[in-house]
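Shown next, in structure tokens, is the structure this report addresses.
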Ligand code: SF4
């Protein structure tokens, strides 16, 4: 085979694979458009924000799980039970999420557990209200149990579901040490939950209710005590 033939063959193959890659990249973006429309359609029937939050969470969980298990060559997640560095970051929730969490707590926590949680929520609210930059706080989440596990794992907020890391060591450094930069997260996974968050904000607007996100501690205290 002449050099010219080799060049043509290689060029054709590279062009074809390039075109396929471009098409796949467009289809990958299309997944998030589909998630956005799917969420919007599913939540359009919701008559209350708690139902909207349950539906948005179920849809996002299913989409995130499919994304995580369907694509090759993804960074291995280092998240594991008992590693809770991210549970010391400032958490915000969109409308409806704290209502679902409060109902779960009312049904499953004992009276003494609810008293314990109430004290921790007050502490967290004070910490948030006395700083100019709550997003820089490193405070244990009021729902972090003494054994280091999330006490409401089944109904944890969207952002807690969204957060993943390829290095638990790096999370520890970033949250408790002097680490700077960013955590290596699964971005597709994060985008799914960001879409669910936006869908809940839009559902609140449609239902004529406040749409802005609130600090988890404030939102949960309001739901549990009406304060
Ligand atoms: S709600 Fe649960 S998962 Fe989220 S920050 Fe609190 S303890 Fe961690």
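Things to note:
- Hits in the stretch 20-47 - residues which are surrounded by fewer than 14 Cβ atoms within 10 Å (Cβ to Cβ) and under 21 Å from the mean Cα position of the chain (by Cα): 28, 29, 30, 33, 34, 37, 41
Here is a yes/no grid of residues against (1) free of Cβ contacts under 8 Å to residues at least 60 places away in the same chain; (2) touching a helix residue (DSSP H, G or I) at 6+ places or on another chain (Cβ under 8 Å); (3) farther than 21 Å from residue 76 by Cα; (4) within 16 Å of the ligand (Cβ to nearest atom):
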position: 116; (1), (2), (3), (4): yes, no, yes, yes
position: 160; (1), (2), (3), (4): no, yes, no, yes
position: 171; (1), (2), (3), (4): no, yes, no, yes
position: 176; (1), (2), (3), (4): no, yes, yes, yes
position: 189; (1), (2), (3), (4): no, yes, no, yes
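- Any hit, the stretch 125-146, residues being under 28 Å from residue 208 (Cβ atoms) and either within 11 Å of the ligand (Cβ to nearest atom) or touching a strand residue (DSSP E or B) at 6+ places or on another chain (Cβ under 7 Å) (or both): yes
- Residue satisfying all of: in the stretch 147-158; near the ligand (Cβ under 7 Å from one of its atoms) and outside any loop (DSSP other than H, G, I, E, B); farthest from residue 190 (Cα to Cα) among these: 150
- Test result for residue 76, within 16 Å of the ligand (Cβ to nearest atom), out of contact with any strand residue (DSSP E or B) (no Cβ under 6 Å at 6 or more places or on another chain) and modelled with pLDDT under 95: no
- Filter pass, residue 194 being assigned to a helix (DSSP H, G or I) and within 17 Å of the chain's Cα centre (by Cα): yes
- Residue within the stretch 83-104 that is in a loop (DSSP other than H, G, I, E, B), more than 10 Å from the ligand (Cβ to nearest atom), over 29 Å from residue 208 (Cα atoms) and in contact (Cβ under 8 Å) with a residue 40 or more places away in the chain present: yes
The values are calculated or read from the model by the stated rules, or taken from the named source; none is laboratory data. Bear in mind that the values here come from a model prediction, so they are computed numbers and not experimental data. Note that each Cβ is placed from the backbone with ideal geometry, even for glycine, and that neighbours are counted across all protein chains shown.
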